Ligand SMILES: [Zn+2]
């Protein structure tokens, strides 16, 4: 019986990125052995679906809609920074050097992983651009092949849709290939944003 309970937890944990069967098993036993962790985890996970929503403007996870960033009157609404995932938005937020708004794609174009241009959900961004007076879009996808393809696709699509007065910029060139925003240190990331180039 106990083995069955553990294997059910292991099967769930294995679905998380970066968690193999061995780690999943170790985590499962750890959770079961720590009663307060087990209780709190169960409580939080059960209520998170009701508490958390996605901001209709930027796709950020939030308990308010629009999120705290989109509804902040002190932010510069003329700049939107497009990132692949919300972790990257938080990495940029942590630098404290960016005061514009965001749009989170949720993915880059990665055909090998079954992610195509339609998965970027650009329609919502396009609707937003029609209603807002945006002057600049910072394409802050990763500096790898997928990130470059995604940045080019977004720029070309938005230009085709008639947003040709918007200035498009890319986080600094010259950074190493494969530069990942999520893992960059604050200084490098601030540099990458400050030294963005028009594309
Ligand atoms: Zn938002």
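Read-outs: derived from the displayed coordinates by stated rules, not from any lab. Predicted, not measured: the structure shown is a model, and the values here were computed from it. So basically every Cβ, Gly included, is an ideal-geometry build from the backbone, and we count neighbours across all protein chains shown.
Quick one: which of 27-36, 129-138 comes out on top by average Cβ neighbours within 10 Å, and what's the full order, highest first? It would help to have the intermediate numbers written out before the result.
Numbers: 27-36: 12.7, 129-138: 15.6.
Top of the packing list down: 129-138, 27-36.
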_q = 0.10, 0.11, 0.12, 0.15 Å⁻¹, the chain: log10 I(q)/I(0) [Debye, one scatterer per Cα]_ = -0.53, -0.62, -0.72, -0.99
*In a solvent-free Debye calculation with one equal scatterer on each Cα, what is log10 I(q)/I(0) for the range 2-51 at q = 0.15, 0.16, 0.21 Å⁻¹, listed in the order of the q values?*
-0.42, -0.48, -0.78
*What does the helix-only formula give at 222 nm for the chain: each DSSP H stretch with n ≥ 4 adding -39500 (n - 2.57), the total divided by the residues, and the result rounded to the nearest 500 deg cm²/dmol?*
-13500 deg cm²/dmol
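What FRET efficiency do you get for residue 30 and residue 133 if R0 is 35 Å and r is their Cβ-Cβ distance, rounded to the nearest 0.05? Don't jump to the answer; show the numbers that get you there.
Values: r = 51 Å, r/R0 = 1.46.
Rounded to the nearest 0.05, the efficiency is 0.10.
What FRET efficiency do you get for residue 159 and residue 77 if R0 is 25 Å and r is their Cβ-Cβ distance, rounded to the nearest 0.05?
Values: r = 21 Å, r/R0 = 0.84.
Taking R0 as 25 Å, the efficiency between residue 159 and residue 77 is 0.75.
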*Describe numerically, in nm with one decimal, the distance between label points set 7 Å from Cα along Cα→Cβ at residue 116 and at residue 6.*
4.4 nm
*Taking only the alpha-carbon positions of the range 78-130 and ignoring solvent, what does the Debye formula give for the base-10 log of I(q)/I(0) at q = 0.12, 0.32 Å⁻¹?*
-0.31, -1.21
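Using Cα pairs under 8 angstrom and six or more residues apart, how large is the relative contact order of the range 2-51, in percent? Walk me through the intermediate numbers first.
Working: 20 pairs, mean separation 13.2, N = 50.
Averaging sequence separation for qualifying contacts and normalising by length gives 26 percent for the range 2-51.
How many percent of DSSP beta bridges within the range 93-199 run antiparallel, rounded to 5?
That works out to approximately 50 percent antiparallel.
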_Roughly how far apart, in whole Å, are the Cα centres of the range 141-180 and the range 100-123?_
12 Å
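For the chain, what does the relative contact order come out to in percent, with C-alpha contacts under 8 Å and a separation of six or more? Don't jump to the answer; show the numbers that get you there.
On the way: 264 pairs, mean separation 31.8, N = 199.
Dividing the mean separation by the residue count of the chain yields 16 percent.
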*Expressed as an acute angle from 0 to 90° and rounded to the nearest 10, what is the orientation of the C-alpha long axis of helix 35-51 relative to the principal long axis of the chain?*
40 degrees
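First check a/c for the range 35-106, with a ≥ b ≥ c the square roots of the eigenvalues of its C-alpha gyration tensor; if it is under 1.5, answer rounded, and if not, answer prolate when a/b is larger than b/c or oblate otherwise. Each step should come with its number before you reach the end.
Working: a/c = 2.51, a/b = 2.07, b/c = 1.21.
Verdict is prolate for the range 35-106.
Take the Cβ-Cβ distance between residue 87 and residue 126 as r, set R0 to 25 Å, and report the resulting FRET efficiency rounded to the nearest 0.05. Write out the running numbers ahead of the final one.
Values: r = 24 Å, r/R0 = 0.98.
That gives a FRET efficiency of 0.55.
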